[in-house]
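The values are calculated or read from the model by the stated rules, or taken from the named source; none is laboratory data. This structure is a prediction, so every number in the text was calculated from the model and none was measured. Every residue, glycine as well, gets a Cβ built from its backbone with ideal geometry; the counts of neighbours run over all protein chains shown.
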Amino acid sequence: MSTDGCIVVVGGTAGIGRELSRYYASTGRETVLTGRDAARAEAVAAEIGGTARGIALDLARPKTIRDALSSVGPVRYLAIVAIQRDDNTIRDFDIDRALELVTLKLVGFAEVVHVLLDRLSPDSSIVLFGGQAKDRPYPGSTTVSTVNGGISGLARTLAWELAPIRVNAMHPGITGDSPFWHGKPPAVLEGHLSKTITKKLATMDDIVDGTRFLLENPSVEGIDLVVDNGRMMF
């Protein structure tokens with residue numbers, strides 16, 4: 001693996017982002033992980049150890065992103081993993097919550113790329129995290145389904161605009177060992193598991209492995225990668 005430039009994981013303080021940060025820090029590559037709270041980001045980086053360091057960044061406040069990333073040098077791989085769960089129906093539509101999620105996921109993601117663009121090289125690559133709600137909506141997923149579909153569009157347009165820098169999108173399935181899903185009642189997880197072809201749920205390691213594939217494979221460009229054990233569309 002080339003060592004020119006650091007790894008940036010936006011949303012690297014928990015779940016998949018934390019595991020991705022842990023992997024790259026263990027390789028000796030400088031790894032910058034971000035979270036909304038500076039103290040938490042620094043604490044997680046210290047727990048991970050190795051080359052990890054934490055900084056504060058709030059995607060929902062895109063005008064602050066440039067200053068937040070000012071200490072970041074040349075970047076080889078950029079993964080924007082941050083997620084915000086939302087339950088917002090049209091019948092009881094909450095404009096403020098919708099605006100925050102749209103700003104975080106679409107404007108914030110785009111602004112991170114904009115700010116770091118002069119620190120990316122032709123060999124750099126970017127992975128944007130969407131989610132399965134884009135294809136499997138559910139009551140209350142009004143905003144989530146919309147923005148996750150937007151991530152697919154954003155990744156494709158950036159792939160064309162920024163080439164030869166590669167841009168891809170990752171859409172994880174339900175991860176049975178993630179902090180969010182691990183605490184769910186067994187019946188809930190069993191219901192999801194029964195709808196997969198393999199009768200298994202993805203793990204965080206599976207998503208990390210898929211993300212590494214998108215970041216590191218030089219011939220993968222402009223795709224939506226779904227890692228969900230063949231989840232059926234019902």
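Things to note:
- Total residues in the range 94-121, condition within 18 Å of Gly11 (Cβ to Cβ) and touching a residue at least 24 places away in the same chain (Cβ under 8 Å): 16
- Qualifying residue in the range 132-144 (condition: touching a residue at least 24 places away in the same chain (Cβ under 8 Å), surrounded by 23 or more Cβ atoms within 10 Å (Cβ to Cβ) and part of a helix (DSSP H, G or I)): yes
- Looking across Ile80, Ile90, one residue alone is surrounded by 14 or more Cβ atoms within 10 Å (Cβ to Cβ) and either over 25 Å from Pro137 (Cα atoms) or of a type in the set (A, V, I, L, M, F, W, C) (or both). It is Ile80.
Condition check ((1) more than 29 Å from Val147 (Cα to Cα); (2) among the small types (Gly, Ala, Ser); (3) surrounded by fewer than 24 Cβ atoms within 10 Å (Cβ to Cβ)) across all residues:
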residue: Gly5; (1), (2), (3): yes, yes, yes
residue: Gly17; (1), (2), (3): no, yes, no
residue: Asp37; (1), (2), (3): no, no, yes
residue: Ala41; (1), (2), (3): no, yes, yes
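- Residue within the range 112-119 that is part of a strand (DSSP E or B) and either out of contact with any Pro (no Cβ under 8 Å at 6 or more places or on another chain) or at pLDDT 95 or above (or both) present: no
- The range 156-177, residues that are part of a helix (DSSP H, G or I), of a type in the set (A, V, I, L, M, F, W, C) and in contact with a Gly (Cβ under 7 Å, 6 or more places away or on another chain): Ala159
- Condition check for Ser26 on (1) touching a Ser or Thr at 6+ places or on another chain (Cβ under 8 Å); (2) surrounded by fewer than 21 Cβ atoms within 10 Å (Cβ to Cβ): one failure, at (1).
- The range 69-105: number of residues that are within 30 Å of Asp118 (Cβ to Cβ) and out of contact with any strand residue (DSSP E or B) (no Cβ under 6 Å at 6 or more places or on another chain): 14
- Of the numbered criteria (1) out of contact with any Leu (no Cβ under 6 Å at 6 or more places or on another chain); (2) surrounded by fewer than 21 Cβ atoms within 10 Å (Cβ to Cβ); (3) farther than 22 Å from Ala41 by Cα, the one Leu158 fails is (2).
- Yes/no for Asp123 being assigned to a helix (DSSP H, G or I) and modelled with pLDDT of 95 or more: no
- Scanning the range 5-15 for residues that are in contact with a helix residue (DSSP H, G or I) (Cβ under 8 Å, 6 or more places away or on another chain) and modelled with pLDDT of 95 or more yields Gly5, Ile7, Val8, Val9, Val10, Gly11, Gly12, Thr13.
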